[in-house]
Amino acid sequence: MSEKIVVVGGGLAGLSAAARLAHNGYQVTLLEKSPKLGGRAITIPMKGFNFNFGAHAIYARDISILSRLENEINLNVDWKNFSPSKAFYDMGTFTTPMPTTLEGMYKTKILDGSNKIRFGIEVMKTLANLERGEEGTPIGKYLDKEPAQVKDMFLTLASSNFFSNEPEKIPSPLFFHYYKRFFGNMAMGSHRKRAVSYIGGGWQAIVEAFAKIIEKNGGQIIPKEKVTRVITEGNRVTAIHGKENVYEADHFIFCVPPKECYNLFNETPYQHIFEEFTKYSPTIVVVYDIGLKEKIRSPFTYVYQKGERVFITDISYYDPTCIPEGGQLLQAIAYLNDDEIAENKADEKVATIETVYDKHFPGWREQLVAKRLSKKAIVQEIKCINDQRLMPTKFYSLSNAHFAGDWCQGEGQLSELSFTSAYQVTSHIMKKNTTQEHN
Ligand SMILES: Cc1cc2nc3c(=O)[nH]c(=O)nc-3n(C[C@H](O)[C@H](O)[C@H](O)COP(=O)(O)OP(=O)(O)OC[C@H]3O[C@@H](n4cnc5c(N)ncnc54)[C@H](O)[C@@H]3O)c2cc1C
């Protein structure tokens with residue numbers, strides 16, 4: 001008899017864990033409180049447009065879990081490569097190419113000649129593991145030894161990858177670990193320089209692909225089933241309660257945020273282990289999508305307004321399935337730091353975004369058909385800054401409970417944390433060697 005698994009939460013972490021285990025012969029039941037699967041990775045149809053909550057950009061694609069799952073469980077991913085020649089920094093008075101390729105590095109004006117060389121050396125040192133940061137030192141302080149332009153370049157890069165308005169607070173060891181992996185992926189050989197890729201069909205396509213694998217392998221998906229209670233006996237979870245049903249299993253995977261774990265374990269002796277993680281602050285952004293009747297011509301598919309830390313992506317350039325014929329879907333994201341959140345600065349960010357749209361996509365107001373605005377979108381449940389830490393995927397006092405999500409320890413940032421933590425958990429259950437390198 002194969003083991004029974006209950007997965008709580010149908011976001012990217014829960015879906016990927018359930019699909020991998022179902023594919024490997026486990027009896028999987030996935031419980032999701034909402035009527036729709038996907039969690040924060042949802043796609044919302046409106047007036048012929050498909051608005052994705054988030055740009056579904058996958059960083060370091062070639063070493064990503066999604067790439068691995070393509071081969072391992074036949075996950076269907078329609079990759080759409082980021083176009084570096086159409087990616088620019090808006091420096092206020094001029095725009096300049098992003099240095100994401102050698103050509104971009106040659107052309108960009110974000111660094112002058114000697115600083116380009118210095119930056120290149122720092123990238124090589126990161127790749128060679130000669131730069132590893134310093135425990136307890138945030139990257140802003142650590143980079144004080146660099147020329148101002150080089151420091152600024154690294155922090156600008158980190159603000160994009162970590163979706164952060166305070167990249168200087170990222171712990172320096174995490175920073176170099178992240179970029180060793182990221183730059184390494186770009187340098188993997190001439191045909192493998194895919195630092196960023198989007199997903200054709202948006203998050204919806206991935207969510208449906210996972211659901212299909214779960215159901216094809218006999219797994220059960222139960223929407224509108226909010227888990228309310230966890231029952232433990234000794235060091236094991238024995239059951240969880242839904243609205244009316246009780247679910248028993250050999251292993252339980254909780255793919256719900258720490259605050260929810262804290263509530264669910266309320267009547268057990270284990271509630272306290274989640275407390276620390278309920279106190280940490282999330283990464284929050286303003287996200288403002290616009291659906292346009294006609295395409296506005298622009299040399300950019302990605303433009304980053306450096307001064308305001310606002311970026312616009314032409315999502316429909318990468319994913320034409322999200323627009324009606326002839327239309328265009330643009331997504332703007334403005335990063336927020338803790339002070340800005342406390343001072344309710346989201347409205348100011350909305351106004352800033354509109355001026356950036358005016359500058360780079362003039363005439364958008366006349367073409368507007370539909371828009372979607374979120375002034376407080378949670379990109380990552382626990383922000384990776386000094387004095388905060390991600391939750392473990394396993395507490396050894398609880399032998400058959402596992403945890404995954406973008407608040408858990410794993411590789412990368414954003415959804416990559418959801419996927420890698422889920423992969424770690426499923427490997428643990430399958431007793432596979434998780435340290436084995438891909439490829
Ligand atoms: C604006 C924005 C832009 C983004 N852009 C990117 C990007 O470009 N690239 C990228 O990689 N990532 C991006 N992200 C991040 C990405 O969306 C998240 O990291 C990812 O979706 C998190 O998935 P998860 O499964 O870890 O968590 P969640 O999506 O939060 O899933 C948790 C699930 O648990 C369910 N649940 C909660 N409580 C219960 C309960 N008691 N019982 C049953 N179910 C329950 C919830 O309904 C939810 O479905 C972006 C996010 C945002 C908001």
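Per the Debye formula on identical point scatterers at the alpha carbon atoms of region 116-245, with no solvent, log10 I(q)/I(0) at q = 0.11, 0.16, 0.17, 0.19 Å⁻¹ is -0.68, -0.87, -0.91, -1.02. 3J(HN,Hα) along region 10-25, derived from phi through the Karplus expression 6.51 cos²θ - 1.76 cosθ + 1.60 where θ = phi - 60°, amounts to x, x, 4, 5, x, 5, 5, 5, 5, 5, 5, 6, 4, 4, 8, x Hz, with x in place of Gly and Pro. The mean accessible area for residues of region 99-190, using a 1.4 Å probe and ignoring ligands and nucleic acids, is 47 Å² per residue. Evaluated on region 200-344, the Kirkwood hydrodynamic radius is 19.6 Å, with distances taken between all distinct Cα atoms. Using alpha-carbon positions, what is the distance between the centroids of region 36-54 and region 248-275, in Å? Region 36-54 and region 248-275 have Cα centres separated by 28 Å.
Roughly speaking, to the nearest percent, how much of region 283-380's 1.4 Å accessible area is carbon and sulfur? Reported share for carbon and sulfur atoms: 48 percent. Between the residues Ile284, Thr355, Val379, the greatest Cα displacement towards the positive end of the dipole of region 283-380, with unit charges on the Cβ of Lys, Arg, Asp and Glu, is found for Thr355. Split the chain at each of the chymotrypsin sites (Phe, Trp or Tyr not before Pro) in a DSSP loop with at most 11 other beta carbon atoms within 10 Å, and the longest piece is 95-395. Translational diffusion of region 99-190, estimated by Stokes-Einstein from the Kirkwood radius over alpha carbon pairs at 10 °C in a medium of 1.306 mPa s, is 119 µm² per second. In sequence order, region 412-424 has phi-based couplings of x, 9, 6, 5, 5, 5, 4, 5, 6, 5, 5, 5, 4 Hz under the Karplus curve 6.51 cos²θ - 1.76 cosθ + 1.60, θ = phi - 60°, and Gly or Pro positions carry x. Remark: region 99-190 carries a charge dipole of roughly 200 debye about the Cα centre, counting +1 on each Lys and Arg Cβ and -1 on each Asp and Glu Cβ. The Cα-based radius of gyration of region 13-97, divided by its Kirkwood radius, gives an Rg/Rh of 1.09.
Entry note, region 241-326: relative contact order of 16 percent, from Cα contacts under 8 Å with a spacing of 6+ residues.
Ranking Tyr89, Ala422, Ala18 by Cα position along the charge dipole of the chain, where only Lys, Arg, Asp and Glu carry charges on their C-beta atoms, puts Tyr89 farthest toward the positive end. Entry note, the chain: the mean residue ellipticity at 222 nm calculated from DSSP H runs of n ≥ 4, each adding -39500 (n - 2.57), is -9500 deg cm²/dmol after division by the residues and rounding to the nearest 500. Residues whose amide H comes within less than 5 Å of that of Cys408, counting only those at least five positions distant or on another chain, are Met391 (H built at 1.01 Å from N in the peptide plane).
Derived from the Cα gyration tensor, the three semi-axes of the equivalent ellipsoid of region 284-341 are 25, 12, 8 Å, largest first. Counting only protein heavy atoms and a probe of 1.4 Å, the accessible surface of region 99-190 is 59% carbon and sulfur.
Shown here: region 1-60, whose C-alpha atoms stretch 48, 32, 16 Å along the first, second and third principal axes, sorted largest to smallest.
Its residue count N fixes a reference of 2.2 N^0.38 Å for region 23-167, and the Cα radius of gyration divided by that reference is 1.38. Remark: region 191-343 carries a charge dipole of roughly 660 debye about the Cα centre, counting +1 on each Lys and Arg Cβ and -1 on each Asp and Glu Cβ. Structural descriptor for the chain: relative contact order 22 percent, calculated from alpha carbon pairs under 8 angstrom and at least 6 residues apart.
Using a/c under 1.5 as the rounded threshold, could you call region 169-244 rounded, prolate or oblate? The axes a ≥ b ≥ c are square roots of the C-alpha gyration tensor eigenvalues, and prolate needs a/b larger than b/c, oblate otherwise. Oblate shape, in that a/c is at least 1.5 and b/c is the bigger or equal ratio. Taking the alpha carbon gyration tensor of region 283-380, multiplying each eigenvalue by 5 and rooting it gives semi-axes of 24, 13, 12 Å, largest first. In a reduced charge model with +1 at each Lys and Arg Cβ and -1 at each Asp and Glu Cβ, the chain shows a dipole moment near 700 debye about its Cα centre.
Once the GluC sites (Glu not before Pro) in DSSP loops with at most 14 neighbouring Cβ atoms within 10 Å are cut out of the chain, the longest remaining piece is 1-133.
So if I take the centroid of the Cα atoms in region 313-387 and the same for region 87-122, what is the distance between those two points in Å? Here the answer is 24 Å between Cα centres. Considering only Cα atoms, the convex hull volume of region 302-439 works out to 188 Å³ per residue.
The H on the amide N of Ala41, modeled in the peptide plane, is under 5 Å from the matching H of Leu12, each at least 5 residues off or on a different chain.
Once Lys and Arg get +1 and Asp and Glu get -1 on their Cβ, which of Leu398, Pro299, Leu368 lies farthest toward the positive end of the dipole of the chain? So the residue we want is Pro299. Along its three principal directions, the equivalent ellipsoid of the chain from the Cα gyration tensor extends over semi-axes of 36, 26, 21 Å, largest first.
The values are calculated or read from the model by the stated rules, or taken from the named source; none is laboratory data. A quick note: this is a predicted structure, and the numbers were derived from the prediction, not measured. Note: ideal-geometry Cβ built from the backbone for every residue, glycine included; neighbour counts use all protein chains shown. Side chains included, ligands, DNA and RNA excluded: accessible areas come from the protein's heavy atoms. Shrake-Rupley method; radii C 1.70, N 1.55, O 1.52, S 1.80 Å.
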